[in-house]
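Colleague: Got a structure for you, questions after.
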Amino acid sequence: MTGLKHWLLAAGVVLFAACSGGADGTKSDAGAAKPIVLGFSQIGAESEWRTANTVSIQGAARDAGITLRFSDAQQKQENQIKALRSFIAQRVDVIAFSPVVETGWETVLREAKTAKIPVILTDRAVEVSDESLYVSFIGSDFVEEGRRAGRWLTEYYSTGKGKDFKGDINIVELQGTVGSAPANDRKAGFAEIIAADPRYKVIRSQTGDFTRAKGKEVMEAFLKAEGRKINVLYAHNDDMAIGAIQAIEEAGIKPGTEIIIISIDGVKGAFEAMMAGKLNVSVECSPLLGPQLMSTVKDVVAGKQIPKRIVTEESVFPMETAAQEFPKRKY
Ligand code: GYE
């Protein structure tokens, strides 16, 4: 922590020197406003969530008067590393990125630190031995989201509609991108809750890479192998659940009743599926991180002390609440 403080101070000093203006760091020598330049490396456009996240970041940058250099990595870590290096070469004021996977960032983050460019993580976390390699992580608690999904399910079978169900509860799981924080954590949080009752059995678990197409494809394989043995589908995001719903319907099985479906994100597509009775619950994960990111960027440039972790507030939407909530949804 002390290391981080020193680094923040050092970074602040350099940024102040570079901006040669007032304490807000936004004036140039000529007195004209000099906007903060933010380099942002986005993962891709794999889901409704991601698209909403991109719109939020672009809109918030515009509103905050921050110049955004935006780069899309198409779900590849190597592209993100390239983008970060190019932001360092361009000497942007701040770098922010949503890391596709958790590991493999030490080298490039060290390069940013050497160049005294502060880095903010948004949405997904990284696993690094030295926490001073980033200033802050803004995003959801994915383990808690997994727990919320698990709690909804255990309530469903203990006091809810499924209370009279007898025997094992066979679950298939569609995981997010291999090695990503939301896939690792949502799996762990859910497993922790269902472990309390041996009736819950995860009989298949495979990645659907957070996309509809993959979700459908993997669900088809699950159905081929397990057929009507499947009682529950737990998908790490709504898009995979929506793809899987198609596969379930094509197999002549009723999603939402014959197979109970739980997913995460709370995007509009999930609300539509819930209103149609095909998805039982969506655990919210907000992609609207733009405004918070821009205010953190401004604080970093102004040399303010930044919290190391900023957690997004979220809730759970069972299908019974979908019609009422739908008009209020922003993504
Ligand atoms: O749940 C999924 C997206 O990292 C929280 O990434 C994000 C996840 C989100 O592709 O839909």
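Colleague: It is to be established whether one or more residues within segment 260-273 are within 16 Å of the ligand (Cβ to nearest atom), aromatic (Phe, Trp, Tyr) and outside the structural domain of Ala45 (by TED's automatic domain parsing).
Modeller: yes
Colleague: While we're looking at this one, here's another question. Away from the ligand (no atom under 14 Å from the Cβ) and part of a strand (DSSP E or B): which single residue out of Ser71, Ser41 fits that description?
Modeller: That would be Ser71, the only listed residue that is away from the ligand (no atom under 14 Å from the Cβ) and part of a strand (DSSP E or B).
Colleague: Shifting gears a bit: Evaluate the following for Asp141: is it modelled with pLDDT of 95 or more and more than 29 Å from Ala191 (Cβ to Cβ)?
Modeller: When the stated conditions are applied, Asp141 does not pass them.
Colleague: Considering only residues of segment 74-108 that are among the small types (Gly, Ala, Ser) and assigned to a helix (DSSP H, G or I), which is least open to solvent (accessible area, probe 1.4 Å)?
Modeller: Result: Ala83.
Colleague: Within segment 193-241, track down each residue that is crowded, with 19+ Cβ neighbours inside 10 Å, assigned to a loop (DSSP other than H, G, I, E, B) and out of contact with any Phe, Trp or Tyr (no Cβ under 9 Å at 6 or more places or on another chain).
Modeller: Gly208, Asp209, Thr211
Colleague: Select, from Ala196, Ala221, Ala191, Ala183, the only residue that is out of contact with any helix residue (DSSP H, G or I) (no Cβ under 8 Å at 6 or more places or on another chain) and under 24 Å from Ser315 (Cα atoms).
Modeller: After ruling out the rest, the residue left standing is Ala183.
Colleague: Would you mind telling me which numbered condition in (1) of a type outside the set (D, E, K, R); (2) farther than 20 Å from Pro182 by Cα; (3) open to solvent by 10 Å² or more (accessible area, probe 1.4 Å) Ala125 fails?
Modeller: It fails just one condition, (2).
Colleague: Restricting attention to segment 278-301, report how many residues are more than 16 Å from the ligand (Cβ to nearest atom) and over 29 Å from Thr154 (Cβ atoms).
Modeller: Adding up the residues that qualify gives 9.
Colleague: Give, as residue ranges, the helices (runs of 4 or more DSSP H) completely inside segment 242-331 that count at least 2 residues that are of a type in the set (Val, Ile, Thr).
Modeller: Where helices (runs of 4 or more DSSP H) fall fully within segment 242-331 and carry at least 2 residues being of a type in the set (Val, Ile, Thr), they are 290-301.
Colleague: Is at least one residue of segment 302-315 away from the ligand (no atom under 16 Å from the Cβ), open to solvent by less than 50 Å² (accessible area, probe 1.4 Å), within 30 Å of Ala96 (Cα to Cα) and of a type in the set (Gly, Ala, Ser)?
Modeller: Yes: one or more hits.
The values are calculated or read from the model by the stated rules, or taken from the named source; none is laboratory data. The shown structure was predicted, so the numbers you read here are calculated from the model rather than taken from an experiment. Cβ: placed from backbone, ideal geometry, glycine included. Neighbour counts: every protein chain shown. Calculation scope for accessible area: heavy atoms of the full protein, side chains included, ligands and nucleic acids excluded. Shrake-Rupley method; radii C 1.70, N 1.55, O 1.52, S 1.80 Å.
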